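Asker: Attaching a single structure in structure tokens format; questions to follow.
Computed from the coordinates by the stated procedures, all read-outs in this text should not be read as laboratory data. Since the structure is predicted, the reported quantities are computational estimates derived from the model, not experimental observations. Virtual Cβ from ideal backbone geometry, glycine too; neighbours counted across all protein chains shown.
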Amino acid sequence: MKKINLAAIAVDHTSGYPAPFNEPCKDQTCRRLGRAQGLTQFGVNLTVIPPGGWSSQRHWHSHEDEFVWVLEGELTLVTNSGEEVLRPGDCAAFKAGDPDGHHLINRSDRPAKVLEIGNSDASDRCVYSDIDMVAGPGTAGYRHRDGTPYPV
């Protein structure tokens with residue numbers, strides 16, 4: 001059977017960021033739908049962001065495209081250009097290599113659900129726009145921009 005049973009997919013409760021950068025993202029939940037079905041070329045995540053929560057630190061990717069689609073609730077998309085409100089049915093796309101840092105913030109009083117889709121590229125470098133942090137390529141964990149690793 002190819003139909004995905006959402007209830008059977010583990011819920012991830014961690015942001016993975018080092019402290020204190022994990023704080024605004026720590027209460028979101030994520031189901032890694034693509035990975036659970038063995039997909040390796042791209043990821044598909046179903047993420048729930050609680051009131052006051054962030055999807056991530058503001059970031060951009062060198063080699064990975066990203067696409068988000070709001071399914072429920074209301075989120076504020078923050079980019080270099082400013083802020084835009086996204087509601088159910090609204091989408092946004094982020095092209096690999098465009099240094100326009102982005103993330104979603106839930107400023108509403110109820111949870112928001114978003115579908116996140118992106119490719120997986122081993123040569124990707126993720127740059128966090130507002131903080132001294134980068135990730136990849138070819139290294140585990142997060143580092144300062146000078147290459148010094150953050151504690152695990």
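Asker: Tally the residues that are surrounded by fewer than 15 Cβ atoms within 10 Å (Cβ to Cβ) and closer than 30 Å to THR148 by Cβ, restricting the search to the range 3-17.
Answerer: 3
Asker: Could you go through the range 96-119 and let me know if any residue there is among the aliphatic types (A, V, I, L, M), within 13 Å of the chain's Cα centre (by Cα) and more than 27 Å from LEU39 (Cβ to Cβ).
Answerer: Checked against the condition, which is being among the aliphatic types (A, V, I, L, M), within 13 Å of the chain's Cα centre (by Cα) and more than 27 Å from LEU39 (Cβ to Cβ), the range 96-119 yields at least one hit.
Asker: Within the range 71-92, is there a residue that is within 14 Å of the chain's Cα centre (by Cα), under 20 Å from THR14 (Cβ atoms) and of a type outside the set (A, V, I, L, M)?
Answerer: No, the range 71-92 contains no residue that is within 14 Å of the chain's Cα centre (by Cα), under 20 Å from THR14 (Cβ atoms) and of a type outside the set (A, V, I, L, M).
Asker: Now, a different point. Which of the strands (runs of 3 or more DSSP E) found entirely inside the range 61-152 contain at least 3 residues meeting this: aliphatic (A, V, I, L, M)?
Answerer: Passing ranges, in order: 66-72, 75-79, 112-119, 133-135.
Asker: Out of VAL44, VAL68, VAL48, VAL85, which single residue is over 28 Å from TYR150 (Cβ atoms) and either β-branched (Val, Ile, Thr) or touching a Gly at 6+ places or on another chain (Cβ under 9 Å) (or both)?
Answerer: One residue alone meets the criteria, VAL85.
Asker: Would you tally the residues in the range 73-111 being of a type outside the set (S, T, N, Q) and either in contact (Cβ under 8 Å) with a residue 40 or more places away in the chain or touching a Phe, Trp or Tyr at 6+ places or on another chain (Cβ under 6 Å) (or both)? If you could, list the steps in order and put the result at the bottom.
Answerer: Pass one, the range 73-111, residues of a type outside the set (S, T, N, Q): 73-75, 77-78, 82-105, 107, 109-111.
Pick out the ones that are also either in contact (Cβ under 8 Å) with a residue 40 or more places away in the chain or touching a Phe, Trp or Tyr at 6+ places or on another chain (Cβ under 6 Å) (or both) and you get 73, 91, 93, 99-105, 107, 109-111.
Within the range 73-111, residues that are of a type outside the set (S, T, N, Q) and either in contact (Cβ under 8 Å) with a residue 40 or more places away in the chain or touching a Phe, Trp or Tyr at 6+ places or on another chain (Cβ under 6 Å) (or both) number 14.
Here's the yes/no breakdown for (1) buried (at least 18 other Cβ atoms within 10 Å of the Cβ); (2) in contact with a Ser or Thr (Cβ under 7 Å, 6 or more places away or on another chain); (3) under 22 Å from ALA122 (Cα atoms):
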| residue | (1), (2), (3) |
| --- | --- |
| SER62 | no, no, yes |
| ASP90 | no, no, no |
| PHE94 | yes, no, yes |
| ASN106 | yes, no, no |
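Asker: Kindly indicate whether ARG31 is surrounded by 18 or more Cβ atoms within 10 Å (Cβ to Cβ), within 15 Å of LYS113 (Cβ to Cβ) and touching an Asp or Glu at 6+ places or on another chain (Cβ under 8 Å).
Answerer: Answer is yes for this residue.
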